[in-house]
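Remarks on the structure that follows.
The values are calculated or read from the model by the stated rules, or taken from the named source; none is laboratory data. Computed from a predicted model, the values in this text were never measured in an experiment. With ideal geometry, Cβ positions are generated from the backbone for all residues, glycine too; neighbour counts draw on all protein chains shown. The area values use the complete protein model at the heavy-atom level, side chains included, leaving out ligands, DNA and RNA. Shrake-Rupley method; radii C 1.70, N 1.55, O 1.52, S 1.80 Å.
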Amino acid sequence: MSDRRSEISANLQHVQERIADACSRADRSPRDVTLIAVTKTYPVSDVRILCDLGVRDFGENRDQEARPKAAAFAAEDGRDVRWHFIGQLQSNKARAVVGYASMVHTVDRRSLLDALQRAAERPLDILLQLSIDGAPGRGGALLTELLDLASAVSAPLTLRGVMAVAPLGMEPAEAFQRVADAHSRLLEQVPAATVRCIGMSDDFEAAIAAGATHIRVGSALLGPRTVV
Ligand SMILES: *Cc1c(COP(=O)(O)O)cnc(C)c1O
């Protein structure tokens, strides 16, 4: 085994143990928590290693990096993986992103929703991004906006649920409880929108306690990033 492969394998095992512990404390099954490996800034060779180790969901936050990475993986590797677009997205990039993404997590305004709806030529899953603290600039919609957006989603897009990032300086448990409350409201309106995508390397235990169905984990799997 190459050094990189053993390093990633050990990291993945540790993350899976943390997931199992958090699930057992929350009386949940690890099968109900999907691990999305965030591969931003890391090469396609790391995607292949993670894929060898059983990971099938990958997250990227910039189209200019994700598009060639997804294309390179698809060209060399027949395995079916899902790319999750988890970064802020400009409407003019919608057409590019629907070319490779299975799920776009960061829909937070009508113009982006409409652009995705126009660009998608096949079924595309989306999440609505909630702004936990209402602060402008980091993306995400307020709950009332989010519920309005939910009623505007139509084919070929399917609304699967909510995504959020805990604001710096707020207790993760408090932040994720707000997401759980908002998600309950969305579920009253769209019962099938069951995805709750919260939690990253440093806070995914709190996210699992708050009902995360998907967690987005980068540095705990691949190591610290110098940029982004
Ligand atoms: C980079 C990123 C992550 C992963 O962060 P880590 O702390 O490295 O696990 C998760 N979500 C989003 C939106 C990101 O941009």
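List the residues whose amide H sits under 5 Å from the amide H of T158, counting only those 5 or more places along or on another chain, with H placed 1.01 Å from N in the peptide plane.
Long-range HN contacts for T158: L124, D125, I126.
Taking N as the number of residues in the chain, what value does Rg over Cα atoms divided by 2.2 N^0.38 Å take?
The value comes to 0.98.
If each of S154 and R31 carries a label point 7 Å out from its Cα toward its Cβ, how far apart are those two points in nm?
Those two pseudo-labels are separated by 3.8 nm.
Find the relative contact order for the chain and round it to a whole percent, using C-alpha pairs within less than 8 Å whose residues are 6+ positions apart. Walk me through the numbers before you get to the answer.
Numbers: 404 pairs, mean separation 46.9, N = 228.
Dividing the mean separation by the residue count of the chain yields 21 percent.
Which whole-Hz ³J(HN,Hα) couplings does region 9-17 yield from phi under the Karplus relation 6.51 cos²θ - 1.76 cosθ + 1.60, θ = phi - 60°, glycine and proline marked x?
4, 5, 4, 4, 4, 5, 4, 5, 5
Can you compute the FRET efficiency between R95 and D3 using 1/(1 + (r/R0)^6), with r the Cβ-Cβ distance and R0 = 30 Å? Round to the nearest 0.05. Before the final figure, lay out the partial values.
Working: r = 39 Å, r/R0 = 1.32.
Using R0 = 30 Å, I get an efficiency of 0.15.
So, with a 1.4 angstrom probe, what is the percent of accessible area on the chain that is carbon and sulfur? Don't skip to the answer; put the middle values down first.
Working: 5230 of 10590 Å².
Looking at the chain in its full context, I get 49 percent from C and S.
Can you give me the solvent accessible area of Y42 with a 1.4 Å probe, rounded to the nearest 10 Å²?
Only protein atoms counted, so the area is about 40 Å².
If you put +1 on each Lys and Arg Cβ and -1 on each Asp and Glu Cβ, how big is the dipole of region 44-184 around its Cα centre, in Debye rounded to 20?
Numbers: 16 positive and 19 negative charges, 85 e Å.
Magnitude of the dipole: close to 400 debye.
Kindly report the accessible area of the chain per residue (heavy atoms of protein chains, probe 1.4 Å, no ligands, DNA or RNA), in Å². Walk me through the numbers on the way to the answer.
Working: 10590 Å² over 228 residues.
Per residue, the chain has an accessible area of 46 Å².
Taking θ as phi - 60°, what are the ³J(HN,Hα) couplings along region 120-131 by the Karplus curve (6.51, -1.76, 1.60), each to the nearest whole Hz, with x for Gly and Pro?
Values, residue by residue: 6, 10, 8, x, 9, 7, 10, 10, 9, 8, 8, 8 Hz.
I need the phi-derived Karplus couplings for region 109-114: 6.51 cos²θ - 1.76 cosθ + 1.60, θ = phi - 60°, integer Hz, Gly and Pro marked x.
Each residue of region 109-114 in turn: 7, 5, 4, 6, 4, 5 Hz.
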